[in-house]
There are 2 protein chains.
Amino acid sequence: MKERKILLSEKDIPEKWYNIMADMPNKPLPPLNPATKEPIGPEALTPIFPMGLIQQEVSAEKWIQIPDAVRDIYTVYRPTPLYRAYNLEKVLDTPAKIYYKYEGVSPAGSHKPNTAIPQAYYNKQEGIKKITTETGAGQWGSALALACNYFDIACEVYMVRISYDQKPYRKMMMNAWGADVLPSPSDRTAAGRQILAKDPNSPGSLGIAISEAIEMAVQDETTKYALGSVLNHVLLHQTIVGQEALKQFEIAGDLPDIIIAPFGGGSNFAGLSFPFLRLNFEEGKKIRAIASEPASCPKLTRGQFRYDFGDTVGMTPLLPMYTLGHNFIPAPIHAGGLRYHGAGVIVSQLLKDKLIEARSHNQLECFEAGIKFAKAEAIIPAPEANHGIATAIQEAEKCKEEGVSRTILFNLCGHGHFDMSSYESYFSGKLTEHELTEAEIHSSLSELDTPTI
Amino acid sequence: MKERKILLSEKDIPEKWYNIMADMPNKPLPPLNPATKEPIGPEALTPIFPMGLIQQEVSAEKWIQIPDAVRDIYTVYRPTPLYRAYNLEKVLDTPAKIYYKYEGVSPAGSHKPNTAIPQAYYNKQEGIKKITTETGAGQWGSALALACNYFDIACEVYMVRISYDQKPYRKMMMNAWGADVLPSPSDRTAAGRQILAKDPNSPGSLGIAISEAIEMAVQDETTKYALGSVLNHVLLHQTIVGQEALKQFEIAGDLPDIIIAPFGGGSNFAGLSFPFLRLNFEEGKKIRAIASEPASCPKLTRGQFRYDFGDTVGMTPLLPMYTLGHNFIPAPIHAGGLRYHGAGVIVSQLLKDKLIEARSHNQLECFEAGIKFAKAEAIIPAPEANHGIATAIQEAEKCKEEGVSRTILFNLCGHGHFDMSSYESYFSGKLTEHELTEAEIHSSLSELDTPTI
């Protein structure tokens with residue numbers, strides 16, 4: 001009997017996160033002050049993040065020790081299994097060897113707790129009593145709720161109103177772990193009250209929710225804010241995924257030729273691929289890493305590399321990134337976690353330097369890939385995860401055409417238990433595709449008055 | 001760092017199921033023909049079940065080999081982890097050692113695939129092309145859909161209309177695995193059409209859905225029917241759970257004093273406890289096994305041991321069981337999987353012989369226990385699983401009162417991802433408790449004209 005799962009024991013949980021900044025040939029350009037356009041230092045972040053995380057944000061150290069208390073909570077669901085997708089290989093009739101790292105085993109159902117747990121830890125270390133954040137569909141909010149519960153920190157989640165009303169299950173999950181979940185816009189903040197005064201029935205947006213969460217964080221010394229992707233320290237924490245996978249491939253006596261992960265802000269992709277890219281830097285390996293993004297939000301494949309705001313409202317420092325423009329509004333696709341206008345600065349620089357690749361897929365293709373996967377491998381993937389699957393299937397089919405065997409690894413970053421209504425839309429033929437025109441992208445980018453690079 | 005999870009590798013998946021019938025001091029009484037009241041043999045079951053399963057239903061063999069093809073599909077999610085609940089122990093401040101076996105890691109989210117997979121296998125062996133079944137909230141239906149997908153057998157699920165309309169996520173899950181899901185009553189069967197003619201808006205019931213599924217099975221030689229609990233072969237398949245747990249306790253160098261599992265028809269409870277009860281029979285151990293049932297459907301704690309129908313319509317042979325009467329209609333509690341009027345014959349005989357125990361819990365107590373567990377151990381349990389947790393917490397608190405340490409094991413049979421609306425009812429204070437009176441139970445039992453024992 002062939003073994004499907006390559007498992008590690010809890011004592012194999014990596015002791016260090018890998019910081020790719022130390023190995024990058026070209027370091028990311030500095031963030032700029034939006035007013036002066038001058039580079040700004042890490043101190044600008046102190047009102048909203050604890051020092052422990054700010055230090056990681058700018059660290060040049062190659063290896064960063066994972067605190068024991070964090071590793072201890074990681075054992076709630078880590079190490080996660082590495083699966084060999086024998087059934088999918090058979091269905092595709094491909095000579096490729098396909099593996100996937102399954103992060104959906106976390107109690108929150110995705111990879112997000114990998115960073116939520118250390119973020120809560122470093123806040124706790126500095127005496128923080130409450131963490132605020134925003135959430136769209138709720139994946140990040142539930143991961144942070146879970147983490148705060150473990151460190152006995154209050155968690156206040158501003159959930160976009162329309163999701164709050166339409167997707168109550170994620171809200172209940174956050175409540176179960178003790179978080180306070182408010183529909184955004186709320187009347188708890190000045191930002192929220194201002195919106196509500198104009199439109200009491202506002203459906204909200206991620207931008208408004210961010211404003212509310214940050215407003216609450218800056219006005220109280222013992223409250224901080226947390227972000228679930230994009231930033232360097234978030235990418236760093238996610239490298240636990242690739243570090244584990246590397247050990248699992250050693251056990252399998254194999255090594256990926258191609259690594260694939262869905263791309264929203266970058267942490268999912270970075271988490272799996274960076275520890276393998278290290279082998280390219282150190283040993284001259286030629287492992288390819290492909291970021292899979294939605295065709296409706298194609299910052300990597302059709303965006304511009306320039307300075308832009310990290311948020312949609314224009315409150316953050318200017319960051320050097322691939323962007324569609326911070327005013328770009330992606331079509332309302334079901335993979336909510338990938339509807340972000342820009343890419344984190346590290347990933348952007350790597351793409352600029354051609355050290356990684358990117359590929360886009362439309363929504364119908366992704367759901368088709370997800371169903372093919374579910375019928376072969378039993379797990380029903382999150383819509384975000386379907387993007388990685390779509391790329392993996394393309395690469396496996398290419399192996400068949402070319403008659404070569406390559407080893408493909410992708411990140412199955414979460415299950416779809418809270419996304420079954422998207423599958424219903426797909427099955428009932430209600431899913432439509434919006435072909436994004438050059439004019440639409442140009443229009444959003446041409447509005448920017450931020451520095452080009 | 002203490003290890004939370006005791007893991008086995010795929011090659012440790014047990015090779016045999018344990019058949020407790022071989023060890024029982026008093027074997028269950030035979031099923032009776034409802035018309036003649038004479039004992040009936042296994043041949044009565046041939047129109048609806050394949051011979052491979054009927055042989056298991058009446059087998060006196062102590063060990064039954066698990067086919068390699070079944071073990072191979074078990075590897076999709078098995079072995080499941082055994083957790084030591086360090087956090088829960090700490091919250092309860094108890095000297096007890098608490099362990100739980102987590103069956104929610106299966107792609108269908110519960111222990112049900114443990115029997116769905118072999119049932120599909122034995123049907124496939126006999127050339128069966130389609131399996132029909134009924135489902136309420138959808139746990140059993142999705143497990144069977146998953147299993148049939150793997151053996152390329154068509155799966156036709158009659159889903160109680162009101163659940164079909166109100167809980168569409170489970171239906172989508174079944175569709176994702178290729179099953180055909182019909183709201184019951186449907187116009188595909190005579191039974192369904194008859195109901196619809198009287199009431200086109202009938203909300204359906206489990207009884208009607210069973211009638212429809214069996215009707216479709218008996219009229220076609222290549223179609224059979226499948227049941228998810230109660231029957232001996234179903235209990236047998238579930239012993240994979242306890243067999244694994246036994247190996248995991250060997251690794252832990254421990255042995256449970258008390259084993260606890262939720263009780264609906266008996267397979268959940270039997271699966272975890274029977275392999276440990278074997279040690280009582282063989283080695284004179286005194287391991288206690290407690291079945292946790294809802295106070296609103298208390299067949300074990302307040303029912304009568306007598307012959308009754310296994311279904312609510314009166315189509316099955318008469319079975320010797322603890323029952324509340326097949327016409328008993330339990331309050332609409334959220335643990336839909338436990339709303340069954342009777343107990344399987346093996347478990348009933350064991351209770352009659354005082355070889356196992358039973359305890360009931362009301363719904364609010366169960367949700368309170370579930371939230372306590374979720375905050376301590378991160379996993380959000382299914383409402384059914386909360387019953388086992390409630391008993392485990394009681395026993396742990398008793399250890400504290402008595403100042404003794406006992407080892408407690410319970411079956412965390414599934415996650416609550418598809419049940420978050422029940423948690424919403426709980427949080428919003430909408431959950432009410434129906435105190436079942438003696439008169440209500442008496443009224444349902446006094447209607448029976450089946451043989452007493």
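The values are calculated or read from the model by the stated rules, or taken from the named source; none is laboratory data. Please read all numbers here as calculations on a predicted model, not as lab measurements. In this analysis, Cβ positions are derived from the backbone assuming ideal geometry, glycine residues included, and neighbour counts consider all displayed protein chains. These area figures cover heavy atoms from the full protein model, side chains too; ligands, DNA and RNA do not enter into them. Shrake-Rupley method; radii C 1.70, N 1.55, O 1.52, S 1.80 Å.
Scanning the range B:376-393 for residues that are under 18 Å from B:L431 (Cβ atoms) and within 13 Å of chain A (Cβ to nearest Cβ) yields B:I380, B:P381, B:A382, B:P383, B:N386. Out of curiosity, is B:Q119 closer than 24 Å to B:T46 by Cα and polar (S, T, N, Q)? Yes: the conditions hold for B:Q119. In the list A:L338, A:L364, A:L355, which residue meets the criterion of being of a type in the set (A, V, I, L, M) and surrounded by 21 or more Cβ atoms within 10 Å (Cβ to Cβ)? Within the list A:L338, A:L364, A:L355, the selection yields A:L338. Look at A:G325 and say whether it is more than 24 Å from A:N19 (Cα to Cα), open to solvent by less than 40 Å² (accessible area, probe 1.4 Å) and either touching a strand residue (DSSP E or B) at 6+ places or on another chain (Cβ under 8 Å) or not in a loop (DSSP other than H, G, I, E, B) (or both). When the stated conditions are applied, A:G325 passes them.
Does B:F373 qualify as being crowded, with 19+ Cβ neighbours inside 10 Å and within 14 Å of chain A (Cβ to nearest Cβ)? So B:F373 fits the description; yes. Counting just the residues of the range B:60-70 that are open to solvent by 20 Å² or more (accessible area, probe 1.4 Å) and out of contact with any helix residue (DSSP H, G or I) (no Cβ under 7 Å at 6 or more places or on another chain), which one comes out farthest from the other protein chains (Cβ to nearest Cβ)? Taking the candidates together, the pick is B:W63. Residues that are closer than 19 Å to A:D180 by Cα and touching a Gly at 6+ places or on another chain (Cβ under 7 Å) within the range A:117-133 comprise just one, A:T133.
Taken as a whole, the condition of being closer than 15 Å to A:V241 by Cβ, assigned to a strand (DSSP E or B), within 23 Å of the chain's Cα centre (by Cα) and within 13 Å of another protein chain (Cβ to nearest Cβ) does not apply to A:Y77.
Tell me, yes or no, whether the range B:43-58 has at least one residue that is crowded, with 19+ Cβ neighbours inside 10 Å, of a type in the set (S, T, N, Q) and assigned to a helix (DSSP H, G or I). So far as the range B:43-58 goes, yes, one or more of its residues are crowded, with 19+ Cβ neighbours inside 10 Å, of a type in the set (S, T, N, Q) and assigned to a helix (DSSP H, G or I).
One line per residue, one yes/no per condition, for (1) hydrophobic (A, V, I, L, M, F, W, C); (2) in a helix (DSSP H, G or I); (3) open to solvent by less than 20 Å² (accessible area, probe 1.4 Å):
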position: B:L236; (1), (2), (3): yes, yes, yes
position: B:I240; (1), (2), (3): yes, yes, yes
position: B:E244; (1), (2), (3): no, yes, yes
position: B:N268; (1), (2), (3): no, yes, yes
position: B:G271; (1), (2), (3): no, yes, yes
position: B:R278; (1), (2), (3): no, yes, no
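Set side by side, the residues A:E395, A:E440 differ, and just one is more than 23 Å from the chain's Cα centre (by Cα) and among the charged types (D, E, K, R), which is A:E440. Reported count of residues in the range B:394-428, each being within 14 Å of another protein chain (Cβ to nearest Cβ) and open to solvent by 60 Å² or more (accessible area, probe 1.4 Å), is 2.
Considering the conditions (1) at pLDDT 95 or above; (2) among the small types (G, A, S); (3) within 17 Å of the chain's Cα centre (by Cα), B:G52 is excluded by exactly one of them, (3). Checking the structure you have, find out if any residue of the range B:294-317 is buried (at least 23 other Cβ atoms within 10 Å of the Cβ), at pLDDT 95 or above and aromatic (F, W, Y). No, the range B:294-317 has no match at all.
For the range B:211-226, taking the residues that are in contact with a strand residue (DSSP E or B) (Cβ under 7 Å, 6 or more places away or on another chain) and of a type in the set (A, V, I, L, M, F, W, C), the one that is surrounded by the most Cβ atoms within 10 Å (Cβ to Cβ) is identified as B:A226. A:L272: in contact (Cβ under 8 Å) with a residue 60 or more places away in the chain and touching an Asp or Glu at 6+ places or on another chain (Cβ under 7 Å), yes or no? In short, no.
Whenever a residue of the range B:163-175 is more than 15 Å from B:G109 (Cα to Cα) and within 8 Å of chain A (Cβ to nearest Cβ), its partners that are surrounded by fewer than 23 Cβ atoms within 10 Å (Cβ to Cβ) and among the acidic types (D, E), lying with C-beta atoms within less than 8 angstrom and at least six residues away or across chains, give the pairs B:P168/A:E424.
Looking only at residues in the range A:341-352 that are open to solvent by less than 10 Å² (accessible area, probe 1.4 Å) and of a type outside the set (S, T, N, Q), which one is farthest from the chain's Cα centre (by Cα)? Restricting to residues being open to solvent by less than 10 Å² (accessible area, probe 1.4 Å) and of a type outside the set (S, T, N, Q), the top hit is A:L350. Checked against (1) at pLDDT below 95; (2) more than 24 Å from the chain's Cα centre (by Cα); (3) more than 30 Å from B:Y307 (Cα to Cα), B:T452 passes all but condition (3). In the range A:84-109, the qualifying residues are those that are within 25 Å of B:F418 (Cα to Cα) and within 12 Å of chain B (Cβ to nearest Cβ), and the one that is most open to solvent (accessible area, probe 1.4 Å) is A:V105. Within the range B:12-33, restricting attention to residues that are open to solvent by less than 30 Å² (accessible area, probe 1.4 Å) and closer than 19 Å to B:A252 by Cβ, the residue that is nearest to the other protein chains (Cβ to nearest Cβ) is B:I13. I'd like to know if the range B:2-11 contains one or more residues that are open to solvent by 20 Å² or more (accessible area, probe 1.4 Å), touching a helix residue (DSSP H, G or I) at 6+ places or on another chain (Cβ under 7 Å), assigned to a helix (DSSP H, G or I) and within 14 Å of chain A (Cβ to nearest Cβ). Looking through the range B:2-11, none of the residues is open to solvent by 20 Å² or more (accessible area, probe 1.4 Å), touching a helix residue (DSSP H, G or I) at 6+ places or on another chain (Cβ under 7 Å), assigned to a helix (DSSP H, G or I) and within 14 Å of chain A (Cβ to nearest Cβ). What are the residue pairs meeting all of these: first residue in the range B:184-206, first residue among the acidic types (D, E), second residue in a helix (DSSP H, G or I) and open to solvent by less than 90 Å² (accessible area, probe 1.4 Å), Cβ atoms under 7 Å, and 6 or more apart or on different chains? Filtered contacts from the range B:184-206: B:D187/B:L196. A residue that is within 13 Å of another protein chain (Cβ to nearest Cβ) and surrounded by fewer than 21 Cβ atoms within 10 Å (Cβ to Cβ) cannot be found anywhere in the range A:187-210.
Only residues that are under 17 Å from the mean Cα position of the chain (by Cα), closer than 16 Å to B:P113 by Cβ and in a strand (DSSP E or B): list them for the range B:126-177, please. Listed by number, the residues that qualify are B:T133, B:T135.
If you filter the range B:354-366 down to residues that are over 19 Å from the mean Cα position of the chain (by Cα) and hydrophobic (A, V, I, L, M, F, W, C), you find that the one that is farthest from the other protein chains (Cβ to nearest Cβ) is B:L355.
For B:Y121, the criteria (1) within 11 Å of chain A (Cβ to nearest Cβ); (2) open to solvent by 10 Å² or more (accessible area, probe 1.4 Å) hold in every case but one, which is (1).
Any residue at all in the range A:69-87 that's closer than 23 Å to A:N19 by Cα, of a type in the set (F, W, Y) and touching a strand residue (DSSP E or B) at 6+ places or on another chain (Cβ under 7 Å)? No, the range A:69-87 contains no residue that is closer than 23 Å to A:N19 by Cα, of a type in the set (F, W, Y) and touching a strand residue (DSSP E or B) at 6+ places or on another chain (Cβ under 7 Å).
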